[in-house]
Structures are given as structure tokens and as C-alpha cells.
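Asks: The structure that follows is given in the form of C-alpha cells.
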Amino acid sequence: MVRLADGLNNQILEAAICQAGRLDTVEQYFDEATLEAAHRAFPYGIGLNELLMIGATENGYDKSPHGKIDAEGFRYAFGQIHAAGGYSTLSVSTILNNTANKFVRRGWDATDLTCMRIAAIRSVPNFKTATSVSLTGNLQFEQLGPGGELKHGTLGEETYSNKADTYAKMLGITRQDIVNDNLGALTDASRLLGRGAALKLNDIFWTEFLDNSSFFASGNSNVSTDTGALGLVGLDQATAVFESQVDPDGNPLMIEPSILLVPTGLKTTALQLMNSERVKGTTDEPEANPWRGRFRVESSPYMANANYTGNSSSAWYLLADPQVMPVIEIAALNGRVEPVVESADADFNTLGIQLRGYSDVGVALQEYRGGVRADGSAAD
């Protein structure tokens, strides 16, 4: 067994676990020298039992380093017991936490997150309700008089609120996994926690976005009805509705849509409309496509899923750039939308490792002037 005296450190051990777990983004986290050192130390990979035994031995555990970890070894590995020589610079908890979060991020990134591309992200400092004002206030510049006195602008009187809540899940790595040196118990569980966090964000996001009958409503002048199937005519009508939006004083809003959001069944049609040079017009002869490259296409299967109120297989949306005028916002504690995973040895009655993942996020609709909903067909 290799030891710290052989040149090991926390980072090399983390790199070795990532290599053994076949993390395809490993080069993003470690430099070439660290990756080479990890490969030299563990040419055949490293397992969970081996990692824990290294940690226990470095903290003074005096049993054979080639054996299987036991309850006493666990306490040494996690620093609950130290030999008279003092503390080791190796931290099994830190290694597990850092490694788990890398695999969590992989599971997170592998899940569709259209929601983050069409929403504004707001950093909040705590779990209290945060309030923002409309971006449609009186900020138009005015000519200065001879005295050069500037007048104060005013923000909109309409307000919007949002707050972050905590969503979490725990998974356990059993003693059997550790004795079997099953590194996949750590890496796979971490990926699953990352995916679980992404699925939860999607769930709360699309629940909020799709249940929008009072948000996208005729009274808000942000619906386009009887447009028929997604096509040239529908885009023309919906764009006209969007660009006719006015601020609270009745002045043109002067914001253009930049996103075409469609259910997955309309994604091919949307991409054809945005990418084709020529399209079928009023006759059989193809005509120049006036919509080519106009909008960024985004799509999500949640939009037509029967489990969500407001779902539709034909309705689609034109949305403003969320950095300019967001229709929906994700609130995240300290700006972190991605989940965090922490590891610890299990309680006294269980020999194993616990992983807990959590996200501190919230979702709320914001500025109704930032989007238009098109029915897509008279039937919806």
C-alpha cells in the first residue's frame, strides 16, 4: 500500500478516485502532473476500502493496511481517533466531499436544464422572501436645462417576490460496498444525487412556469390566440403581440423576443424555421425565410407532460432575453444553483458512509411583459 511518505496528498488521491471512476471531465480539475502522479500510485485504480485504509493508517491505525476496514479503522480514517504522533495532513472527509461533488456535477450537467437558459438567476443571502421591482420604470433620459440639474429616474411600482427553499436527499454507502472495494458506490451515488437535484429543479420550475393561465392572459396582452400550428403565420402574429407590449405609461416597451420555447414535439419544426434559407410560402414555390436565425430555440419535454398543470403539446412561447426582462426567475442561496454533497461516516449503529445532497433554490414568475404564449392551435 502506498503512503503519504511516498508522495501522496489529498489532491492526488482525489485524482486517483476520479480516474478510477472514469470521470470524463477529470482534466478540468487536475493538472497533468497530479494526474500522472495518481496513475503511478494507483495504476490499477483505487477502491473505497483502500482509500479508507490509507486514511486510517496515516492517523495511526496499526493493523495491516492490506486488510478490510473495521469499525475502529473507520474512526481512525475519519479522524475520530489519532495516534500519539498527532494529526495527519490527509483528510478522508475532504477527499470524499471534493470527489463526490465532481461526480455530482457530472450527473447535474448530464440532465436537461433548459430552465436555466430561459430564466434569470438571482442570488439571495438567506431564506427570506426577496422582492424586486419591475424593470419598466421611468428611466428615459431627459434634456438638461441651463442649470444642468439632473432629475431622478424611478423604477416600476410593480413588485415580484421569490425565495429559496432547501431540497435534499441522502444516500448510504454500505460496509459491503466498502469491503468489496466498490468505488462505484461513491461515484454512482454522487451522480444520482446530482441528477436528482436537477430533476427537482426542473419539477419546481416547470410547475411554476406552466401553471400560467393568469400570467399569460388577455388582460396582460401577452397571448396570441388562433395562430394555428407553429409556422410563418404564427411567428408573425406572436411577434406582433410581443412587440406591441407597452410600459405602465403606455409607451412602447422596445424589447424584442430572443427565445422560441417549444415542446419537444415541435422542436424539429422550430429548428427548421430558424435554420432553413427557404420555406414553403403561400404557393408551392419556396420563398426566402424571414425568420432564419431570428430566435434561439429551446425545448423541454415537461411542456407537454400530463403531470403538469397547463401542459400542452401545441402551445409555444416567445421570450425576451432573461437578462433583460425575465418572465421567470430562479432564486439561489448565495448564487449557487448547483447542488452540494457532503459525506460523513455513518452513525454508531451503522458501518458505512452517508452522502447527503442539497440545493437551496426557489422559482417564481416575474415580468409578464417579457413573453408571449401562442396557443399553437385552436384546439388547445
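Asks: Within segment 182-197, restricting attention to residues that are charged (D, E, K, R) and surrounded by fewer than 20 Cβ atoms within 10 Å (Cβ to Cβ), which residue is farthest from the chain's Cα centre (by Cα)?
Replies: If we filter segment 182-197 for residues that are charged (D, E, K, R), which is where we start, we get 188, 191, 195.
Cutting the leftovers down to surrounded by fewer than 20 Cβ atoms within 10 Å (Cβ to Cβ) gives us 188, 195.
On the way: D188: 19, R195: 10 Å.
Result: D188.
Asks: If you go through segment 362-370 one residue at a time, do you hit one that is modelled with pLDDT of 95 or more, in the same structural domain as S258 (by TED's automatic domain parsing), within 30 Å of L186 (Cα to Cα) and part of a strand (DSSP E or B)?
Replies: Looking for residues that are modelled with pLDDT of 95 or more, in the same structural domain as S258 (by TED's automatic domain parsing), within 30 Å of L186 (Cα to Cα) and part of a strand (DSSP E or B), one finds at least one in segment 362-370, hence yes.
Asks: For the condition more than 23 Å from I328 (Cα to Cα), acidic (D, E), out of contact with any strand residue (DSSP E or B) (no Cβ under 9 Å at 6 or more places or on another chain) and in contact (Cβ under 8 Å) with a residue 60 or more places away in the chain, what is the one hit in D236, D226? Working first, answer last.
Replies: Working: D236 fails: in contact (Cβ under 8 Å) with a residue 60 or more places away in the chain.
Of the residues listed, the single one that is more than 23 Å from I328 (Cα to Cα), acidic (D, E), out of contact with any strand residue (DSSP E or B) (no Cβ under 9 Å at 6 or more places or on another chain) and in contact (Cβ under 8 Å) with a residue 60 or more places away in the chain is D226.
Asks: Any residue that is at pLDDT 85 or above, aromatic (F, W, Y) and under 26 Å from R22 (Cβ atoms) - is there at least one of those in segment 43-63?
Replies: yes
Here's the yes/no breakdown for (1) surrounded by fewer than 19 Cβ atoms within 10 Å (Cβ to Cβ); (2) acidic (D, E); (3) within 20 Å of V324 (Cβ to Cβ):
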residue: S218; (1), (2), (3): yes, no, no
residue: T227; (1), (2), (3): no, no, no
residue: L253; (1), (2), (3): yes, no, yes
residue: L260; (1), (2), (3): no, no, yes
residue: T264; (1), (2), (3): yes, no, no
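Asks: Among the residues of segment 292-309, is any surrounded by fewer than 13 Cβ atoms within 10 Å (Cβ to Cβ), under 20 Å from G228 (Cβ atoms) and assigned by TED's automatic domain parsing to the domain that holds L113? Steps first, please.
Replies: Our first condition is that a residue be surrounded by fewer than 13 Cβ atoms within 10 Å (Cβ to Cβ); within segment 292-309, this holds for 293, 306-307, 309.
Of the ones still in play, those that are also under 20 Å from G228 (Cβ atoms) are none.
No, the conditions are met nowhere in segment 292-309.
Asks: Right, here's the next one. Being of a type in the set (K, R) and modelled with pLDDT of 95 or more: is that true of R278 here? Give the derivation first.
Replies: Values: of a type in the set (K, R): yes; modelled with pLDDT of 95 or more: no.
Judged against the criteria, R278 is not a match.
Asks: From the list A189, A229, A197, A217, which residue is in the same structural domain as M116 (by TED's automatic domain parsing) and touching a Leu at 6+ places or on another chain (Cβ under 6 Å)? Steps first, please.
Replies: Numbers: A229 fails: touching a Leu at 6+ places or on another chain (Cβ under 6 Å); A197 fails: touching a Leu at 6+ places or on another chain (Cβ under 6 Å); A217 fails: touching a Leu at 6+ places or on another chain (Cβ under 6 Å).
From the options A189, A229, A197, A217, the qualifying one is A189.
Asks: Checking the conditions here, which among S313, S276 is out of contact with any Asp or Glu (no Cβ under 7 Å at 6 or more places or on another chain), free of Cβ contacts under 8 Å to residues at least 24 places away in the same chain, among the hydroxyl-bearing types (S, T, Y) and surrounded by fewer than 20 Cβ atoms within 10 Å (Cβ to Cβ)? So that I can check it myself, show each step before the final result.
Replies: Details: S313 fails: free of Cβ contacts under 8 Å to residues at least 24 places away in the same chain.
Residue meeting the stated conditions: S276.
Asks: Could you look through segment 87-137, keep only residues that are closer than 30 Å to S258 by Cα, of a type in the set (G, A, S) and over 24 Å from the mean Cα position of the chain (by Cα), and pick out the one that is modelled with the lowest pLDDT?
Replies: Per the stated criteria, the residue is G137.
Asks: In addition: Name, by its number, the condition in (1) exposed (fewer than 15 other Cβ atoms within 10 Å of the Cβ); (2) modelled with pLDDT of 85 or more; (3) assigned to a loop (DSSP other than H, G, I, E, B) that does not hold for E149.
Replies: The one condition E149 does not meet is (2).
The values are calculated or read from the model by the stated rules, or taken from the named source; none is laboratory data. Predicted, not measured: the structure shown is a model, and the values here were computed from it. Virtual Cβ from ideal backbone geometry, glycine too; neighbours counted across all protein chains shown.
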